[in-house]
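Contents: one structure, followed by commentary.
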Amino acid sequence: MELKAILEAALFVSAKPLSVAELAALFDEHERPESKALRTALAELAEDFRERPVELIEVATGYRFQVRAAYSPWVSRLFEEKPGRYSKAFLETLAIIAYRQPVTRGEIEDIRGVAVSSNIVRSLQERDWVQVVGHKEVPGRPALFATTRQFLDYFTLRSLEDLPPLQTFIEQLAAPMEGDLFTPDASAIHHDQSAPAETENPDSNATPE
């Protein structure tokens, strides 16, 4: 059976991006293709879908099929979930972490000029967009926050080097299903389109709007 067809079938049914190593593991050892052959087949497959409403892309954790951004307004109507609504505080906190990482909560507060809500930090961690990557060697050893590979996947980025200018990033976050800079993770269309509208009050227990 043609290698390209096997990869296409596997990527279509997978709920997450698949790395070259994971795709290679689909084959018995005696028939396992080399990484170069896999990448060549993936490139050919991407070219096959170049004029299709579905595209094959590479993100931080591997390859996946997803609907092109131009079609998301129609495809999203198949699902009950509403597009994410992000507060200014949520957007600014995520942007600071993405562009200044690793960064402490205190440093985020210094940049923004206001306290960071615990709800915001918790929400970013629950979405698996942000994680603690260490502690700064200063009194109190505050946690250092950085983005995750899942953050890159969601925003269709292969690495942090693919991040757009800061203001563009914030504008796209404010309207995540519009435009074509980012195409959110295909799985997000099914189950991950809500984000809390956070409060500036660090002690608030308010629920998302």
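The values are calculated or read from the model by the stated rules, or taken from the named source; none is laboratory data. As the structure is a computational prediction, the values presented were derived from the model and not from experiment. Using ideal geometry, Cβ is built from the backbone for each residue, glycine included, and neighbour counts are taken over all protein chains shown.
Some points to look at:
- Residue in segment 59-79 that is farther than 23 Å from Asp162 by Cβ and either in a loop (DSSP other than H, G, I, E, B) or among the β-branched types (Val, Ile, Thr) (or both) present: yes
- Verdict on Val75 being among the β-branched types (Val, Ile, Thr) and at pLDDT below 90: yes
- Leading residue by the ranking (surrounded by the most Cβ atoms within 10 Å (Cβ to Cβ)) among those in segment 126-172 that are in a helix (DSSP H, G or I) and of a type in the set (Phe, Trp, Tyr): Tyr154
- Residue count for segment 22-46 satisfying the condition of being within 22 Å of Ser159 (Cα to Cα) and either among the hydroxyl-bearing types (Ser, Thr, Tyr) or without any contact (Cβ under 8 Å) to a residue 12 or more places away in the chain (or both): 5.
- Evaluation of Ala115 against the conditions (1) touching a Pro at 6+ places or on another chain (Cβ under 6 Å); (2) at pLDDT below 50; (3) surrounded by fewer than 18 Cβ atoms within 10 Å (Cβ to Cβ) shows that the sole unmet condition is (2).
- Some residue of segment 93-108 being assigned by TED's automatic domain parsing to the domain that holds Leu152, of a type in the set (Lys, Arg), over 15 Å from the mean Cα position of the chain (by Cα) and surrounded by fewer than 18 Cβ atoms within 10 Å (Cβ to Cβ): yes
- Within the span defined as segment 27-34, every residue fails to be touching a Ser or Thr at 6+ places or on another chain (Cβ under 8 Å) and of a type outside the set (Asp, Glu).
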